[in-house]
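Undergrad: So that we are looking at the same thing, I have put the structure below in structure tokens.
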Amino acid sequence: MEKLKTIEDVATRFAQSNQDYSGCSDETKHAIHTAVIFGYNEPWRELETFDFGGAIKALTFGYAVRRKGWNGKGLMVFKQVPAHITSEIIPKMQSLPADAKKHILANTGFIDYTSQCLIYNSLTGRADSWVPSVSDVFADDWEIIPCEE
């Protein structure tokens, strides 16, 4: 399937594939576009590239994204799933030093992971926390990484 350039193109394709779009009034076409943009869960998957807002939406729905402009091979960003880590699990965690575990258990006794993104290198297996740069925020070369990669 051909990749499209704008979310409006995706909305039009979707609408045309589901009814006789050519006979619709402008008001109906606008309503269809709005419904597609806000209701169709994966419109950005049909885009060749998209802006940072599209990247955030894709991350929210669980997709891995990258920028075409990144020089590093194998780099991708994904959002971690929010999780509640209980006091029974904390002592077994390999990702925390012993002192951190003591502090957590002495205070709240749990960890609530929320809204974290990782940048992951699929060639090395290395994952680091990720905060977008200004150039990432204003870039329009974001794309979803196909599962085959």
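Undergrad: Looking only at segment 53-62, decide whether some residue is at pLDDT 95 or above and open to solvent by less than 60 Å² (accessible area, probe 1.4 Å).
TA: Step one: filter segment 53-62 for residues at pLDDT 95 or above, giving none.
No: segment 53-62 contains no residue that is at pLDDT 95 or above and open to solvent by less than 60 Å² (accessible area, probe 1.4 Å).
Undergrad: Return the residues of segment 115-149 that are assigned to a loop (DSSP other than H, G, I, E, B), charged (D, E, K, R) and under 15 Å from the mean Cα position of the chain (by Cα); say none if nothing qualifies. Let's see the steps before the verdict.
TA: Step one: filter segment 115-149 for residues assigned to a loop (DSSP other than H, G, I, E, B), giving 115-116, 122-126, 130-133, 138-141, 145-149.
If we keep only those that are charged (D, E, K, R) too, we end up with 126, 140-141, 148-149.
140, 141 - these are the residues of segment 115-149 that are assigned to a loop (DSSP other than H, G, I, E, B), charged (D, E, K, R) and under 15 Å from the mean Cα position of the chain (by Cα).
Undergrad: From (1) at pLDDT 65 or above; (2) within 22 Å of residue 117 (Cβ to Cβ); (3) surrounded by 15 or more Cβ atoms within 10 Å (Cβ to Cβ), pick out the condition that doesn't hold for residue 90.
TA: Condition not satisfied by residue 90: (2).
Undergrad: Still on this structure, please answer the following. Within the set of pairs 6 or more residues apart or between chains, which connect a residue that is more than 18 Å from residue 61 (Cα to Cα) inside segment 122-149 to a residue that is open to solvent by less than 60 Å² (accessible area, probe 1.4 Å) and not in a helix (DSSP H, G or I) with Cβ atoms less than 6 Å apart?
TA: These pairs meet every condition: 122/74; 123/74; 127/118; 128/119; 139/67; 141/49; 141/67; 141/69.
Undergrad: Checking residue 100 against (1) assigned to a loop (DSSP other than H, G, I, E, B); (2) free of Cβ contacts under 8 Å to residues at least 60 places away in the same chain, which test does it fail?
TA: Exception for residue 100: condition (1).
Undergrad: I would also like to ask the following. Inside segment 121-149, can you point out the residues that are hydroxyl-bearing (Ser, Thr, Tyr) and under 18 Å from residue 50 (Cβ atoms)? Explain how you work it out, then say what you get.
TA: Filtering segment 121-149 for residues hydroxyl-bearing (Ser, Thr, Tyr) gives 122, 124, 129, 133, 135.
Hits for segment 121-149 are 133, 135.
Undergrad: Moving on to the next point. Does residue 129 satisfy the criteria of being open to solvent by 70 Å² or more (accessible area, probe 1.4 Å), in contact with a Cys (Cβ under 8 Å, 6 or more places away or on another chain) and either polar (S, T, N, Q) or modelled with pLDDT of 95 or more (or both)? Steps first, please.
TA: Numbers: open to solvent by 70 Å² or more (accessible area, probe 1.4 Å): yes; in contact with a Cys (Cβ under 8 Å, 6 or more places away or on another chain): yes; either polar (S, T, N, Q) or modelled with pLDDT of 95 or more (or both): yes.
Against the criterion (open to solvent by 70 Å² or more (accessible area, probe 1.4 Å), in contact with a Cys (Cβ under 8 Å, 6 or more places away or on another chain) and either polar (S, T, N, Q) or modelled with pLDDT of 95 or more (or both)), residue 129 qualifies.
Undergrad: Test residue 81 against the criterion of being in contact with a helix residue (DSSP H, G or I) (Cβ under 6 Å, 6 or more places away or on another chain) and at pLDDT below 95, and give yes or no.
TA: Against the criterion (in contact with a helix residue (DSSP H, G or I) (Cβ under 6 Å, 6 or more places away or on another chain) and at pLDDT below 95), residue 81 does not qualify.
The values are calculated or read from the model by the stated rules, or taken from the named source; none is laboratory data. Quantities reported herein were computed from a predicted structural model and do not represent experimental measurements. Cβ atoms come from the backbone with ideal geometry, glycine included; neighbour counts cover every protein chain shown. Side chains are part of the model used for accessible areas, which takes the heavy atoms of the whole protein and leaves out ligands, DNA and RNA. Shrake-Rupley method; radii C 1.70, N 1.55, O 1.52, S 1.80 Å.
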